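The values are calculated or read from the model by the stated rules, or taken from the named source; none is laboratory data. All figures in this text were calculated on a predicted structure; none of them were measured in a lab. Methodologically, a virtual Cβ is constructed for each residue, glycine included, from the backbone with ideal geometry; neighbour enumeration extends over all protein chains shown. Surface areas here come from the heavy atoms of the whole protein model, side chains and all, with no ligands, DNA or RNA. Shrake-Rupley method; radii C 1.70, N 1.55, O 1.52, S 1.80 Å.
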Amino acid sequence: MMLLVEPLIPRLRRYARVLLRDSVAADDLVQDCLERAISRWHQRRADGDARTWLFTILHNLAMNRLRQTARRGPHVPVEDASPATIARAPDQEAGIHHRDVMQALDRLPDDQRAVLLLVTIEELSYVDTAKALGVPIGTVMSRLSRARARLRDEITGRDKPAAPYLRRVK
């Protein structure tokens, strides 16, 4: 069991950090995910992929936490609220671009963000992503397409997606 789970921990941590945007909360989430996986290992389908199963557990736990945070409101520790850390602008253009990409990613709906991250960052196939999220593969493809288009439009500064170009053929 541990031979299957242990190599996936860095990927789980990366996915959790992007979903929660807080490294401490992400580490707690991964720990909860691993606890649940170990305690319910006997419930895993023998023919199923452990990676997909773990990402499913992690995703479901993350969505539950995000819903809980939305109900309760965000927690801001006093030490993190200093104006010097919030107001400091990035020194390099790459930092600005990174911030813009992360903000655009934050503005994506949760379902589109999850599909985009699983397919592009975690390199799950469409089939595995569909299994992890519990949606049909067509839904994965359409969410991924919409997420990519919206992210591209946000990064390039377009307010609205460009209207498709139609030409008349006689």
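Keeping every protein chain present and rolling a 1.4 Å probe, give me the accessible area per residue for region 5-49 in Å².
Dividing the accessible area of region 5-49 by its residue count gives 62 Å².
In whole Hz, what ³J(HN,Hα) sequence does region 135-144 give by Karplus (6.51, -1.76, 1.60; θ = phi - 60°), x for Gly and Pro?
Once θ is set to phi - 60°, the couplings for region 135-144 become 10, x, 5, x, 5, 4, 5, 6, 5, 5 Hz.
Considering only the other residues whose Cβ falls under 10 Å of the Cβ of Ile121, what net charge follows from Lys and Arg at +1 and Asp and Glu at -1?
Net charge in that neighbourhood comes out at 0.
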